[in-house]
Amino acid sequence: MAARGSDLKYKRLLLKLSGEALMGKQPYGIDMSVADRLAGDIAEATAAGAQIAVVIGGGNIFRGLSGAAKGMDRATADYMGMLATVMNALAFQNALDHKGVPARVLSAIPMPTVCESYVRPKSLSYLAKSQVVLFAAGTGNPFFTTDTAAVLRAIEMNCDAVLKATQVDGVYSADPKKHPDAKRYDRLSYAEVLANDLKVMDGAAIALARDNRLPLIVVSIDEPGNLLKVLRGEARQTIIETTG
Ligand SMILES: Nc1ncnc2c1ncn2[C@@H]1O[C@H](COP(=O)(O)OP(=O)(O)OP(=O)(O)O)[C@@H](O)[C@H]1O
Ligand SMILES: O=c1ccn([C@@H]2O[C@H](COP(=O)(O)O)[C@@H](O)[C@H]2O)c(=O)[nH]1
C-alpha cells in the first residue's frame, strides 16, 4: 500500500487565504460559512497526509493603505491591519476546531493572553506533528503585506510551495476584474511577473520567492476541493516558478 501522502505533489504547503474572500457575500468581516468550507478543504488535505501552514490577509477588516489614505499615520494603520489578521486567524482556528483539525495560532506580534507568539522551531514541530499552523500578524512589521509574510514563513518552514487562494483563478495579463478580456497564464517565471507588473502578489513577495526558488501557485478560493487538487497537481491554476 502507498504511504500516506506519497501521491501528493506537495507534502508541506503554505496556504495564503485572501481576507477579502473570507467576507463571502457580506460587505465586511468574516462569513463563517466560507471559513467552514475552507476548513473542510484543509481537513481533507491533512487527512491525505499534507502538512498545512496558513497565512490569512486582513482586507476584510482593515488595510493600512486605506487608513493612511484617510490621514492616519501609515505605520499605525499597518499595525491595525496586522491586528485584523489576528482576528481572522482566531476565527479560522475556530472553524478548524469544529472540523476536529488541531490548529495553532502563532502571532508575529506577541499577545500571550490571546495566542502563542511566533517561534520558528515550535512552528516546525507542530507542522511535523501534522497540526495546522496559522501565522498571524503578518511579518510583525509595518510597510509589508501578508503576501510577503506568506512567502517568508513558507521559506522558514521549508514548504514546497505557497498556494495563494484568492478571488481569481490564476494570474492574468491584467486584473481580470477590470479587464474581462485579459489572458490567463498556466505558468510564468518570477521575472515575467515582475517585468509586466502583474499585481496578483506584491513585488517584495515575488522577489523573495524568486531568490529562494519557492514556487507560487494562484488558484480560486471559490472552487471547493481546490486545495487537494493542487496537492495532487490537478487544479486549474497559475504556477510562478523558476523556468529554463
Ligand atoms: N494580473 C493579475 N492577475 C490576477 N489578478 C490580479 C492581477 N492584477 C490584479 N489582480 C487582482 O489581485 C487580487 C488578488 O490580490 P489581493 O492582494 O487583493 O488579494 P489578497 O492579498 O488575497 O487579499 P486581502 O488583502 O483581502 O487579504 C485579485 O482579486 C485580482 O482582482
Ligand atoms: O507584514 C505585514 C502584513 C500586513 N500588514 C498590514 O496588514 C494589512 C492587511 O494585510 P493584507 O496583506 O493587505 O491583507 C496590510 O494592508 C498592512 O496594513 C503589515 O503592515 N505588515
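The values are calculated or read from the model by the stated rules, or taken from the named source; none is laboratory data. Since this is a predicted model, take the numbers as computed values, not measurements. Reconstructed Cβ throughout: ideal geometry from the backbone, glycine too, with neighbour counts over all protein chains shown.
Within the range 103-142, restricting attention to residues that are touching a Phe, Trp or Tyr at 6+ places or on another chain (Cβ under 7 Å) and of a type in the set (F, W, Y), which residue is nearest to S66 (Cα to Cα)? Working first, answer last.
Step one: filter the range 103-142 for residues touching a Phe, Trp or Tyr at 6+ places or on another chain (Cβ under 7 Å), giving 104, 106-108, 118, 133-135, 138, 142.
Now restrict to residues that are of a type in the set (F, W, Y): 118, 135.
Values: Y118: 27, F135: 23 Å.
Residue satisfying both the conditions and the ranking: F135.
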Task: Any pair with Cβ under 6 angstrom, 6 or more apart, that starts in the range 58-72 at a residue that is over 17 Å from T148 (Cβ atoms) and without any contact (Cβ under 8 Å) to a residue 60 or more places away in the chain and ends at one that is hydrophobic (A, V, I, L, M, F, W, C) and more than 10 Å from ligand 1 (Cβ to nearest atom) - done: F62/M80; G67/A77; A68/A77
TODO: Give the residue that is nearest to L228 (Cα to Cα), with candidates limited to residues of the range 166-202 that are touching a helix residue (DSSP H, G or I) at 6+ places or on another chain (Cβ under 7 Å) and more than 9 Å from ligand 1 (Cβ to nearest atom).
DONE: Y190
Open item on the list: Looking only at residues that are crowded, with 22+ Cβ neighbours inside 10 Å and among the aliphatic types (A, V, I, L, M) in the range 8-29, which one is modelled with the lowest pLDDT?
Closed with: L22
Open item on the list: Among the residues of the range 183-191, are any aromatic (F, W, Y), over 14 Å from the mean Cα position of the chain (by Cα) and assigned to a strand (DSSP E or B)?
Closed with: yes
Open item on the list: Looking for something loosely packed, with under 14 Cβ neighbours inside 10 Å and either assigned to a strand (DSSP E or B) or at pLDDT below 95 (or both) - is there at least one such residue anywhere in the range 199-206?
Closed with: yes
Task: Conditions (1) farther than 19 Å from G59 by Cα; (2) more than 17 Å from the chain's Cα centre (by Cα); number of the one not met by K177 - done: (1)
- [ ] State which residue is farthest from D7 (Cα to Cα) when the search covers only the range 48-89 and only residues that are touching a helix residue (DSSP H, G or I) at 6+ places or on another chain (Cβ under 7 Å) and of a type in the set (D, E, K, R).
- [x] R74
Open item on the list: Out of the residues in the range 166-179 meeting the condition of being closer than 22 Å to L15 by Cα and of a type in the set (D, E, K, R), tell me which one is farthest from ligand 2 (Cβ to nearest atom).
Closed with: D169
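For (1) within 22 Å of T145 (Cβ to Cβ); (2) charged (D, E, K, R); (3) loosely packed, with under 15 Cβ neighbours inside 10 Å, each residue gets a yes or a no:
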| site | (1), (2), (3) |
| --- | --- |
| G170 | yes, no, no |
| H179 | no, no, yes |
| K183 | no, yes, yes |
| R187 | no, yes, yes |
| L216 | yes, no, no |
| S220 | yes, no, no |
| L228 | no, no, no |
| I240 | yes, no, no |
Task: Sole residue being out of contact with any Cys (no Cβ under 8 Å at 6 or more places or on another chain) and without any contact (Cβ under 8 Å) to a residue 24 or more places away in the chain, chosen from P180, P215 - done: P180
- [ ] Name the helices (runs of 4 or more DSSP H) wholly inside the range 67-165 in which the number of residues that are within 16 Å of ligand 1 (Cβ to nearest atom) and over 16 Å from R12 (Cα atoms) is 3 or more.
- [x] 74-98, 146-156
Task: Of the criteria (1) away from ligand 2 (no atom under 16 Å from the Cβ); (2) within 23 Å of I155 (Cα to Cα), which one A182 fails - done: (2)
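Can you tell me which residue is nearest to E116 (Cα to Cα) among those in the range 72-94 that are hydrophobic (A, V, I, L, M, F, W, C) and in contact with a Leu (Cβ under 7 Å, 6 or more places away or on another chain)? Step through it out loud before you land on a result.
Step one: of the range 72-94, the residues hydrophobic (A, V, I, L, M, F, W, C) are 72, 75, 77, 80, 82-84, 86-87, 89-92.
Of the ones still in play, those that are also in contact with a Leu (Cβ under 7 Å, 6 or more places away or on another chain) are 89, 92.
Details: A89: 12, F92: 15 Å.
In this case the residue turns out to be A89.
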